[in-house]
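I have placed the structure first, in the form of structure tokens, so that the comments after it can refer back to it.
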Amino acid sequence: MRTSRFPADTLPPTGNLINGNWVDSGDRFDVDDKFTGETIATLSSATREQVSQAVRIAKEAVDAGPQAPYDRSLVLRRAADLLEAWRSRFVDAMTTEAGFTLVDANNEVDRAKVTLTLCANESTQLTGEVVPFAASPGAHKRIGFTQRFPVGVVCAITPFNSPLNTVLHKVGPAYAAGNAVVLKPSAFTPLTSALLGQVLLEAGMPAPFLSILQGEGDTVGTWLLEEQDVAFYTFTGSTRVGRIIQRAAGLRRTQMELGSIASTFVAADADLDRAIPRIANAGLRKAGQVCTSVQRLYVDRRIADEVAQRLVAFAGTLVAGDPRDPATRVGPLISEQAAIRAETWIGEAAAAGARVLCGGARRRSVIDPVVMTDVPDEGRVWCQEAFAPLIALRPFDDFDAALASANSTPFGLAAGIFTQDIDRAMKAAATLRFGTVQINETSSARSDVMPFGGVKDSGFGKEGPHYAMREMTEERLVVFNP
């Protein structure tokens, strides 16, 4: 077994953050280097009592009142500066526990800084609306406006595939809007969240407004669902778990970013010099472990062979292996079990008649990037979320039928289309039932300022600081009656 290169002297706290203190417990779990398989840290799993304590402290903090909006904005700006100062520590953590390549880890830090800055800006601009009472007969002398107030305690349950920026897309808006946050990060990637907790406290976030509870979803996650003082749950993960959270939440509010089978279309008139590198990177970066990764690729049959050849050539330039090697572009999957599952699905599709044009070899948790075609409808790489570095290409003759095929899945998170035809682009935008439709971009394109969320079994509600803050506040109408 190879030795991890995680710097032991930069290991973040291994306990649970409660009221500014890192607290241990008797139950512990290991965190592995996703490339070598070596255990790099052993963390303390939160107890049932610690979960209740964290929620109680958060509720008391909100009831006592948050910092002023301007003060919250200063904390968030300082946190963005500290992210840059601590960049190497975050990169070390993410390359080790998430298997991110150096490119992906640095990009995660860059985006996280933007997210924090957006939250800082929005914290001082969270306003309501004036109500046009003149529209109602006899009410023209009334003056009405809305104000927004924090919902209270926000519970954020976050995934392994974006252990910094996705976490901040939940913690940042919640705090910017005046809420207290109880964070449960993925047990695969807890170290990045622990580092973030240190940064936020050093930046001046009041200790009662942030708790970080480490552990598994079946224990810590379940206990958080039992806490009735949690007012809002924000979750990114599987549709299966999303349904569990939604049932437990009852009338309490939630924001869910769930499963996906993302589709991208390439029309005959597409600019392939633009499309090919974007498609390859969107399908294969982060080892394909992105909810909007290009999994289904629909290509006009007239150019399907050229697209396939160019994708295979581009995939061949993407070195798969050690994420700390600067040459690596595709790192390991989150576990060897995840890689074995993907390998099995690829093999099943090939046995059913699919052609693997490149890739598929597995070395422990690393899979060489895959481009395949002729995948049958029932193939799991076609009809289930793969979460692996593979692109399944399907030629189409009928554009409408291709749109219908993309709509046929239970999911609807994001889609993309490459075309120079404005009518075709507008038809795709109007027809595709997805939360986002990108024109001349892939399904995986995202700017942190934009609203982001899905429909159908991909969930509901929006991320993006401006939009998330409105989800995490209560709107109150104030009316002056003369």
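Read the figures in this text as sums done on the coordinates, not as results from a lab. Bear in mind the structure is a predicted one, so any value in this text is a computation, not a measurement. Quick reminder, even Gly has a Cβ in these numbers, built from the backbone with ideal geometry, and neighbours come from all protein chains shown.
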Dipole of the chain [Lys/Arg +1, Asp/Glu -1 at C-beta], most positive-end residue of Thr36, Pro137, Trp22: Pro137
Phi to ³J(HN,Hα) by Karplus 6.51 cos²θ - 1.76 cosθ + 1.60 over the range 400-417, Hz, x for Gly, Pro: 4, 5, 5, 4, 5, 5, 5, 6, 6, 7, x, 9, x, 8, 8, 9, x, 9
Lysines whose Cα lies under 22 Å from that of Lys59, excluding same-chain neighbours fewer than 8 positions away: Lys170, Lys184
Label zone at Asp271 (point 7 Å along Cα-to-Cβ), backbone N below 11 Å, the range 439-478: 440-441
Charge dipole of the chain about the Cα centre (unit charges at C-beta), most positive-ward option of Ala402, Ile367, Gly316: Ala402
P(r), alpha carbons of the range 263-447 - 5 Å bins starting at zero, rounded %: 1, 9, 19, 22, 22, 15, 8, 3, 1, 0
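Taking other Cβ within 10 Å of each residue's Cβ, how do Tyr70, Tyr467, Tyr175 sort, fewest first? Each step should come with its number before you reach the end.
Numbers: Tyr70 10, Tyr467 19, Tyr175 29.
The order, fewest Cβ neighbours first, is Tyr70, Tyr467, Tyr175.
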For Thr409, Thr95, Thr431, Thr192, order by how many other beta-carbon atoms lie within 10 Å, fewest first: Thr431, Thr409, Thr95, Thr192
Proximal aspartates and glutamates relative to Lys113, as straight alpha-carbon distance under 12 Å, when same-chain residues fewer than 8 apart are discounted: Asp81, Glu84, Asp448
Dipole of the chain, positive direction: furthest Cα of Pro185, Gly454, Gly250, with charges on the beta-carbon: Gly250
Computed magnitude of the charge dipole of the chain (debye, nearest 20; Cβ of K, R +1, Cβ of D, E -1): 660
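Show that you can apply the helix-only estimate: for the chain, add -39,500 (n - 2.57) for every DSSP H stretch of four or more residues, divide by all residues, and state [θ] at 222 nm to the nearest 500.
On the way: 15 runs with 183 residues, N = 482.
About -12000 deg cm²/dmol.
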In sequence order, calculated HN-Hα J values of the range 474-479 (Karplus, 6.51, -1.76, 1.60; Hz; x Gly/Pro): 9, 8, 10, 8, 10, 10
Spread of Cα-to-Cα distances over 20 Å intervals beginning at zero, given as percent, for the chain: 24, 53, 21, 2
Amide H within-cut-off set for Ala262, under 5 Å, with H built and near neighbours excluded: Gln295, Arg296
Integer Hz, Karplus 6.51/-1.76/1.60 couplings in order for the range 174-188, x for Gly and Pro: 4, 5, 4, 8, x, 8, 9, 10, 10, 9, 10, x, 4, 5, 6
